[in-house]
Amino acid sequence: MSKKKTLSELAHDFLTNPFRLFFLLASISLIPIACLWLNVSLTAYFGWNAFSLNIDPISYHAYGYINIFGSAAFAGFVMTAVPSWTHFIRPLRRLSILCLVIWLGNVALSFISLQSSALLMSVFWILLTAFIMIAALEDRNNRQISVFLMMALITSLNIAYGLTGEWFYLVTMTHAYMIGVSLIIFRIGMAMGFHSLQQAGPKAEKLSYIQNPYYRNLNIICMYLYVFSLLLVNDTVFSSWLALASGLSMIARLRDWHHAILWHASYVRWHYLTLLCIGVGYCWLGISGILSWGIPTQALHLILIGGFIFMVMQIFNIAGLLHSGRELPFPLTSQWALTAILLAAILRSISLNFGWNYALFSLAIPSALLIIAFALYIPVFWRIFISTEAVPPSPRS
């Protein structure tokens, strides 16, 4: 624990340790984005309008989750994980400030033109991608090529959307995000496995945890092929088979966690559920396209809420705790938050199949649950961030 920090010390701390700044910004930004969709659903259900904005709520809520919330989440993770992976110990304040200014400009410009906002965000994504390349080159670390390629894909799709305004590129960007999640869960999973065994006591003293890299590689290859099939092959059925392959290869990765000794840790159970949601979501998306059955957006929402947002909350907790000198497991409030996100994913994706009211069960309640989840995260981790010193990346020995 450290002494109470002044405002200038807090500003320096948050800019020097970008995970604190961008994790909180992402969490804060999600609340008004979800409130917008909550307003739409309440209007449809009750027939009244809580508030009115001169924006297209459908377009804005999708763009907001992807390029406002998602971009801040990626920035916080990249500027925390990459220095640890590459032993990059130079100050990040200038990069943090530049990314913050662009991100705030993106938020303001998004109320005027989503396409112009995306063009501005292209600079943001280029900066993060360049940072990964520079850190890896300085460390002579070729293990970051996969992360660099994933970020380059996200950057390219964002530029394509900004230049053309075609919604297709933004939707495809969500699958590029999921490639990022597929990469991250391997590295995060190694840390969780290590901590789970460490906390298991004497019975795990001689055990070590290693994930199967072949399952990971197969899964990532399938997901890349799926994204490129969407971009280059105008064949829904062909792409759907690749979506199914992506889902099945993700489900195969569950085998890495089929060890009873790991399951005493709640964060392992949450992680398992995330992989399951992604796997089932992509299988559902694939079968839907192959058989022309159902509504593909239901599967897509299971992937994005039960996969992306669910995993983001776990990363916010894991990185936020470990890089602040704290230990796992997650705080109780985070357990409640994860429960809320999981319920939101289930309701948003399957409630329509039971004939439940669409406005209430598919839109209003899931939006309210997401608001609750991140409202629970913010005050707890704000207190952690202002009361602890961040753990710096270790220099190369």
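The values are calculated or read from the model by the stated rules, or taken from the named source; none is laboratory data. Not measured: the values here are computed from a predicted model. Positions of Cβ are backbone-derived with ideal geometry, glycine not excepted, and every protein chain shown enters the neighbour counts. Protein only, heavy atoms only, side chains kept; ligands, DNA and RNA dropped before computing areas. Shrake-Rupley method; radii C 1.70, N 1.55, O 1.52, S 1.80 Å.
Just a few scattered comments:
- Boolean, ILE185 is in contact with a Ser or Thr (Cβ under 9 Å, 6 or more places away or on another chain) and closer than 23 Å to ASP256 by Cβ: yes
- Breaking point among (1) farther than 19 Å from ALA62 by Cβ; (2) open to solvent by less than 10 Å² (accessible area, probe 1.4 Å); (3) free of Cβ contacts under 8 Å to residues at least 40 places away in the same chain, for VAL101: (2)
- Within the stretch 354-365, not a single residue is open to solvent by 10 Å² or more (accessible area, probe 1.4 Å), closer than 23 Å to ALA72 by Cα, part of a helix (DSSP H, G or I) and touching a residue at least 40 places away in the same chain (Cβ under 8 Å).
- Checking each residue in the stretch 310-341 for being over 18 Å from ALA75 (Cα atoms), open to solvent by 30 Å² or more (accessible area, probe 1.4 Å) and assigned to a helix (DSSP H, G or I) picks out LEU332, THR333, GLN335, TRP336, THR339.
- Candidates GLY247, GLY307, GLY281 - the one that is in a helix (DSSP H, G or I) and modelled with pLDDT under 95: GLY307
Yes or no, residue by residue, for (1) open to solvent by 30 Å² or more (accessible area, probe 1.4 Å); (2) under 28 Å from ALA340 (Cα atoms):
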site: SER196; (1), (2): no, yes
site: PRO202; (1), (2): yes, no
site: LEU207; (1), (2): yes, no
site: TYR215; (1), (2): yes, no
site: ALA245; (1), (2): yes, no
site: ARG253; (1), (2): no, yes
site: TYR267; (1), (2): no, yes
site: LEU273; (1), (2): yes, yes
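- Residue list for the stretch 126-165, filter: over 18 Å from ASN106 (Cα atoms) and not in a helix (DSSP H, G or I): ARG140, ASN141
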